[in-house]
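Please read the structure below before turning to the comments.
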Amino acid sequence: MKKVLYLLLALSIGLNAGLLIVQQSKPPRPGPGPRGGPPGERPRPMDPEAIVENHLNGMTRHLDLDEEQQQAIRMVLETHMPQLSEARRQLDEANRRISDAFRAPGFDPVTFKELSRQATRARSRADSLSSLMLIGEAAVLTNEQREKYAEVAPTVHSGPQRNQPPPRRRKP
């Protein structure tokens, strides 16, 4: 039984870390800019407080967190989110430098390799911080909620999906 729980925890950590990194490293979309900015501009990262609220709302919606769990998850998120946001910002910057180096007219493989190493370190730091946050979240969730979280992790930050029933509500 413990092996299954550890497997689910590892799966959840991997899914969330991947989701966080993918969300932060998406290329800009053509067309009107986000949040009123010029076309093609990448959206400015949300502030840590907004990320905490968005994440907590998604977890509550999908996992039916009770008030005590919501407060505990909020503490975990508020503890780790500022550092994770900064790590993501550094990863975005490292990825931008790699892209710039690749596009440069005088491509320098030595510089490119060093920038790749820096990006790998930044990605590793973001993954580590994400893992710490997930460990804190897992400590608050029930076995059933962790299992559900592993299934819905990619949709935690989005609204209800089409053709899916609304999340069930936990009886008080």
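The values are calculated or read from the model by the stated rules, or taken from the named source; none is laboratory data. Everything numeric here is computed off the predicted structure, so don't read it as measured data. Here Cβ is always computed from backbone atoms with ideal geometry, including for glycine, and neighbour counts include all displayed protein chains.
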Review point. Right, GLN118: in a helix (DSSP H, G or I), touching a residue at least 60 places away in the same chain (Cβ under 8 Å) and over 18 Å from the mean Cα position of the chain (by Cα) or not?
Key: no
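Looking at ALA87, ALA72, ALA101 in this structure, which one is touching a Leu at 6+ places or on another chain (Cβ under 7 Å), surrounded by 12 or more Cβ atoms within 10 Å (Cβ to Cβ), modelled with pLDDT of 90 or more and within 30 Å of GLN145 (Cα to Cα)? Spell out how you get there, then give the answer.
Working: ALA72 fails: touching a Leu at 6+ places or on another chain (Cβ under 7 Å); ALA101 fails: within 30 Å of GLN145 (Cα to Cα).
After ruling out the rest, the residue left standing is ALA87.
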Check your understanding: Do we find a residue being surrounded by 12 or more Cβ atoms within 10 Å (Cβ to Cβ), modelled with pLDDT of 80 or more and among the hydroxyl-bearing types (Ser, Thr, Tyr) anywhere in segment 155-167?
Key -> no
Check your understanding: Are there any pairs with C-beta distances below 7 angstrom linking a residue in segment 65-89 that is under 20 Å from SER128 (Cα atoms) to a residue that is among the charged types (D, E, K, R) and surrounded by 14 or more Cβ atoms within 10 Å (Cβ to Cβ), with the two at least 6 apart or on different chains, and if so which?
Key -> ILE73/GLU137; VAL76/GLU137; ALA87/ARG125
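Please indicate, with yes or no, whether at least one residue in segment 104-113 is charged (D, E, K, R), within 19 Å of the chain's Cα centre (by Cα) and surrounded by fewer than 17 Cβ atoms within 10 Å (Cβ to Cβ). Explain how you work it out, then say what you get.
Filtering segment 104-113 for residues charged (D, E, K, R) gives 108, 113.
Checking the rest, the ones that are also within 19 Å of the chain's Cα centre (by Cα) come to none.
So far as segment 104-113 goes, no, none of its residues is charged (D, E, K, R), within 19 Å of the chain's Cα centre (by Cα) and surrounded by fewer than 17 Cβ atoms within 10 Å (Cβ to Cβ).
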